[in-house]
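All remarks here apply to the structure that follows.
The values are calculated or read from the model by the stated rules, or taken from the named source; none is laboratory data. Because the structure is a prediction, the values reported are computed rather than measured. Here the Cβ positions follow ideal geometry from the backbone for every residue, glycine too, while neighbour counts run over all protein chains shown.
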Amino acid sequence: MQLTLRVWRQSNPSAKGEFENYDVYGIDKDMSFLEMMDVLNQQLIKEGKDPVAFDHDCREGICGSCNMYINGRPHGPWDKTTTCQLHMRAFEDRDTIVIEPFRANSFPIIKDLAVDRSAFDRIIEKGGYISVNTGNAMDANAIPIEKEIADTAMDAATCIGCGACVAACKNSSAMLFVSAKVAHLNMLPQGKVESGERAISMVNQMDAEGFGSCTNTYACEAECPKGISVTNIARLNRSFIGASIGG
Amino acid sequence: MKLVSKEPEGILSEKWTNYKSSVPLVSPANKRRIDIIVVGTGLAGASAAATFGELGYNVKAFCFQDSPRRAHSIAAQGGINAAKNYQNDGDSVYRLFYDTIKGGDYRARESNVHRLAEVSTNIIDQCVAQGVPFARDYGGLLANRSFGGVQVSRTFYARGQTGQQLLLGAYSALSRQIAKGQVKMYKRHEMLDLVKIDGHAKGIIARNLITGEIERHGAHAVVLATGGYGNVYFLSTNAMGSNVTAAWKAHKRGALFANPCYTQIHPTCIPVAGEHQSKLTLMSESLRNDGRVWVPKHKIDCVKPARNIPEQDRDYYLERIYPAFGNLVPRDVASRAALYVTNEGRGVGKTGVAVYLDFEDAIKRLGKDTVEARYGNLFEMYQRITDENPYEQPMRIFPAVHYTMGGLWVDYELGTTVPGLYAAGEANFSDHGANRLGASALMQGLADGYFVLPYTIGSYLSTQIRAPKVDTQHPAFAEAESEVKENLSALMNIQGDRTVDDFHKALGKIMWKECGMSRHGERMTEAKEKLGNLREEFWGKVRIPGRLEEFNPELEKAGRVADLIELGELMMDDAINRNESCGGHFREEFATEEGEAQRDDKKFTYVAAWEHTGNPAKAKLSKEKLKFENVELKTRSYK
Ligand SMILES: Cc1cc2nc3c(=O)[nH]c(=O)nc-3n(C[C@H](O)[C@H](O)[C@H](O)COP(=O)(O)OP(=O)(O)OC[C@H]3O[C@@H](n4cnc5c(N)ncnc54)[C@H](O)[C@@H]3O)c2cc1C
Ligand code: SF4
Ligand code: FES
């Protein structure tokens, strides 16, 4: 295949970015999207140009590093698929593909397609944990947990922290991410003790980071590569309201 | 160099308990004055940093990803072992110990492995308390599965995302300490050198990957939990960023590197599709429980669609050669067998470098629904990557590099040969001998970080309580910093005509061909020369775009590839030296008449630990003799 790539180039956080067009040739339909980007970068380096910077690591859809906004969709055209797992058979010969970073005020651009998602880490630091020191645990089977609850907690826990939900949302809300983490912990007996405080302080931090508010458009769920459900947002709201009223 | 293993005296099962009750302690007041650097935030690093923080030490943690949660550990699928015996199927600490020693082909230290088996149970308790959502049965208790050909069900799992869930647990504990100010987290930072003062590890030089700034960080002790070096083969199941740089720089500063040639090749990965391939994807080993491995009996059939090849023309070679274990033979055996049949020209698929893993019989026997319930997510992943439907045609699989058992030599306390420098997780060599059992890497990483280092590091730190805060103005820091800067400038200034990836691929091809599944002394001697030439070519011809003082992923890769090439040379030395076949190391000259691995326990029951001499082609060997007092050395047989 031969493709035209329209890629966002921005040399540093304060530079004014712009789109550049590049033609790439010899793209195999079995290549992953990032392997196609490798082809582009090898070509740019050989031409003495600056390659396109982007984040990636596992290339297996699990680390949450990759984050390209492809033809107007976070992670591109395939549902429930990260950029690294998207394959070139999703495109036609001679297509033009527009590639941008995940855009949100709370995700400043570092260079080209690489953005700073530290805000997510700071939200987790505000309560995305159960306060138990190493060595303080009781036997793992001491508290049985209904399979259904364990499974639902696991559904929420599979969030990879990629930020597609934020990029998909017209308000740049991080509710899906935050609610997934809160729901995972609050649902389990081990996480109950701190549940109210967790919901409040993580939501407060989300606001402090400048993420927008949730207006229930559900664009996040539609674009989430891990199929995280918006029912988690309802769960978070319940924890939040319950805790606010309670004290 | 004389290697002192520091194994405690006494009965095997009491060593760790005795050690813990006699190891010198550091008082809370003194902990407050002590700084520890932890490089790496995978399972080993994140668990260590969090626990050090909880104990009251001041911790600085480093990772090169944009968040500690993205370390390569996140990708582990299958599960984590622990000797809980929840299934009441006869498991015990001793049995886990024994399986690990035997699985490692008797090339690991008994006392370390026993300790690993002992603390395995605490890991599961800790993880559940953190909220790790392990799989449960309908009674609400934890579920287990059997993994990697062992006879008990001791593997805990969280769907096919066990590594993710365990890492998120460790990351949450780490985040809690970051919030408390006990841990300061340096993300997008890469350690580029170790700093030693008076022979002791006292800090690191790191590059801020966003600004390119070179920074000095001092501490009373340094822990490397920087993962494995499978990417020396270019193609592996490791994440793209996995590399050896931190361990290699430590090696160059005096830490011995042990058993570098022990690599694990995993039999069930999606095969290489073409030159563009950037990494390989693992298909869980559990698939071999129901899938049958075969290739056509006759070369001419290889191009036919699989379903057009009648039963009598198929060679279920694992079932044929190993009737007792069949498709469930250990990883190294299954991998080599696949290599042989493809070498014979009986490989399948476009490239001819693959074998079939077929679910036709399983679907007939169990029904499509059951197969889907068991492997649905894996089938989906396979289809997304290959565009083939494994319900209708067999999967194509081929072995790929997966794990490196070798690493920095450490004693019982996980201390390297540099005082004050520790290594944990895949970065050390300690527990898996010549071959690692499935679901044991996650166990080892968390054992090291949560339960071993927090005790053992106290033995060193108790001698440091009077040491003042490390002064990063010390000439040793200045010297290391200027060496790092010179090295980076040298790389940038080459401005040749080949990309870093060109060199990395060239390196990978040599390593895979000559130091992969099947090795030969003479061929490796030639290959080592090729690596020496590649190293020179790299330093004369590589082209790195951009600038030093900016976000420059090509520069990061270049530094890593430079170190991987040197490591490759050492791996060849180690593999040439080891005139036997054991675990993941198979030498064609040392095989039985039937082509099975032949150990030489008389000559090679030792850990090979290599010292850097200044010339990457001329490392010096020291040996740590392994003593087996509790198990009898046996030949592995799966026929
Ligand atoms: C696909 C796959 C599946 C697997 N499945 C299983 C399984 O089911 N069960 C099992 O037991 N094992 C499994 N393994 C093996 C296991 O995942 C790893 O061995 C283990 O996670 C390694 O953990 P670690 O903490 O030692 O290192 P890693 O998780 O690799 O972490 C390394 C850390 O070091 C940092 N780092 C490295 N170099 C530097 C530097 N120079 N400067 C700063 N930071 C640095 C990185 O940023 C990262 O934080 C699997 C491996 C793969 C590849
Ligand atoms: S909720 Fe989905 S889209 Fe949002 S960070 Fe998690 S995985 Fe990514
Ligand atoms: S690179 Fe890890 S999820 Fe895409």
When the residues of the range B:40-91 are filtered to those that are in a loop (DSSP other than H, G, I, E, B) and among the acidic types (Asp, Glu), which remaining residue is nearest to B:Tyr403 (Cα to Cα)? B:Asp66
Any idea which residue in the range B:192-211 is farthest from the other protein chains (Cβ to nearest Cβ), counting only those that are crowded, with 24+ Cβ neighbours inside 10 Å and out of contact with any Lys or Arg (no Cβ under 7 Å at 6 or more places or on another chain)? B:Ala201
I'd like the full set of residues that are more than 9 Å from chain B (Cβ to nearest Cβ), among the hydroxyl-bearing types (Ser, Thr, Tyr) and part of a loop (DSSP other than H, G, I, E, B), limited to the range A:137-192. A:Ser172
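Of these, B:Leu96, B:Leu116, which one is in contact with a Phe, Trp or Tyr (Cβ under 9 Å, 6 or more places away or on another chain) and not β-branched (Val, Ile, Thr)?
Matching residue, one of B:Leu96, B:Leu116: B:Leu116.
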Only one of B:Ser73, B:Ser67, B:Ser92, B:Ser47 that is within 16 Å of ligand 2 (Cβ to nearest atom) and assigned by TED's automatic domain parsing to the domain that holds B:Phe147: B:Ser67
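Any idea which of A:Asn171, A:Asn136 is surrounded by fewer than 22 Cβ atoms within 10 Å (Cβ to Cβ), more than 17 Å from A:Val230 (Cβ to Cβ) and more than 16 Å from ligand 1 (Cβ to nearest atom)?
A:Asn136
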Test for B:Lys469: is it under 24 Å from the mean Cα position of the chain (by Cα), surrounded by fewer than 17 Cβ atoms within 10 Å (Cβ to Cβ) and more than 14 Å from chain A (Cβ to nearest Cβ): no
Extreme residue, farthest from ligand 2 (Cβ to nearest atom), among residues of the range A:214-247 that are within 17 Å of the chain's Cα centre (by Cα) and hydroxyl-bearing (Ser, Thr, Tyr): A:Tyr218
Output the qualifying pairs, or none if there are none: Cβ atoms under 7 angstrom, residues six or more apart or on different chains, first residue in the range A:84-96 and more than 14 Å from chain B (Cβ to nearest Cβ), second residue surrounded by fewer than 16 Cβ atoms within 10 Å (Cβ to Cβ). A:Asp93/A:Gln2; A:Arg94/A:Gln2; A:Thr96/A:Thr4; A:Thr96/A:Arg6
Number of the condition not met by B:Phe64 [criteria: (1) under 20 Å from the mean Cα position of the chain (by Cα); (2) away from chain A (no Cβ under 13 Å)]: (2)
Go through the range B:350-383 residue by residue and tally those that are surrounded by 15 or more Cβ atoms within 10 Å (Cβ to Cβ) and in contact with a Ser or Thr (Cβ under 9 Å, 6 or more places away or on another chain). 11
Across (1) of a type in the set (Asp, Glu); (2) more than 8 Å from ligand 3 (Cβ to nearest atom); (3) buried (at least 22 other Cβ atoms within 10 Å of the Cβ), A:Asp55 clears everything bar (2)
For the range B:555-586, what are the residues that are over 30 Å from B:Ile494 (Cα atoms), touching a Cys at 6+ places or on another chain (Cβ under 6 Å) and hydrophobic (A, V, I, L, M, F, W, C)? B:Ala575
Take the residues in the range B:507-561 that are of a type in the set (Gly, Ala, Ser) and away from chain A (no Cβ under 14 Å); name whichever of them is farthest from B:Ala591 (Cα to Cα). B:Gly540
Which residue is farthest from A:Ser213 (Cα to Cα), if the candidates are limited to the range A:141-167 and must be in contact with a Leu (Cβ under 6 Å, 6 or more places away or on another chain) and either among the aliphatic types (A, V, I, L, M) or surrounded by fewer than 20 Cβ atoms within 10 Å (Cβ to Cβ) (or both)? A:Asn141
Condition (residue is more than 16 Å from ligand 3 (Cβ to nearest atom), within 24 Å of B:Thr162 (Cβ to Cβ) and touching a Lys or Arg at 6+ places or on another chain (Cβ under 9 Å)) applied to the range B:439-446: is it met by at least one residue? yes
A:Ile62: β-branched (Val, Ile, Thr), crowded, with 18+ Cβ neighbours inside 10 Å, within 24 Å of B:Tyr382 (Cα to Cα) and in contact with a Phe, Trp or Tyr (Cβ under 9 Å, 6 or more places away or on another chain), yes or no? no
Could you go through the range B:274-288 and let me know if any residue there is within 17 Å of the chain's Cα centre (by Cα) and among the acidic types (Asp, Glu). yes
Subset of the range A:201-233 [within 16 Å of ligand 3 (Cβ to nearest atom) and surrounded by 19 or more Cβ atoms within 10 Å (Cβ to Cβ)]: A:Glu223, A:Cys224, A:Pro225, A:Lys226, A:Ile228
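What about A:Asp93, is it surrounded by fewer than 21 Cβ atoms within 10 Å (Cβ to Cβ) and more than 19 Å from the chain's Cα centre (by Cα)?
For A:Asp93, the condition - surrounded by fewer than 21 Cβ atoms within 10 Å (Cβ to Cβ) and more than 19 Å from the chain's Cα centre (by Cα) - is met.
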Of the listed residues (B:Glu569, B:Glu549, B:Glu588, B:Glu536), the one being surrounded by fewer than 20 Cβ atoms within 10 Å (Cβ to Cβ) and closer than 29 Å to B:Arg436 by Cα is B:Glu588
Give the residue that is surrounded by the most Cβ atoms within 10 Å (Cβ to Cβ), with candidates limited to residues of the range B:174-189 that are over 15 Å from B:Gly40 (Cβ atoms) and facing chain A (nearest Cβ under 10 Å). B:Ser175
If you take the residues in the range A:41-66 that are under 21 Å from A:Ile27 (Cα atoms), in contact with a Ser or Thr (Cβ under 9 Å, 6 or more places away or on another chain) and polar (S, T, N, Q), which one is nearest to the other protein chains (Cβ to nearest Cβ)? A:Gln42
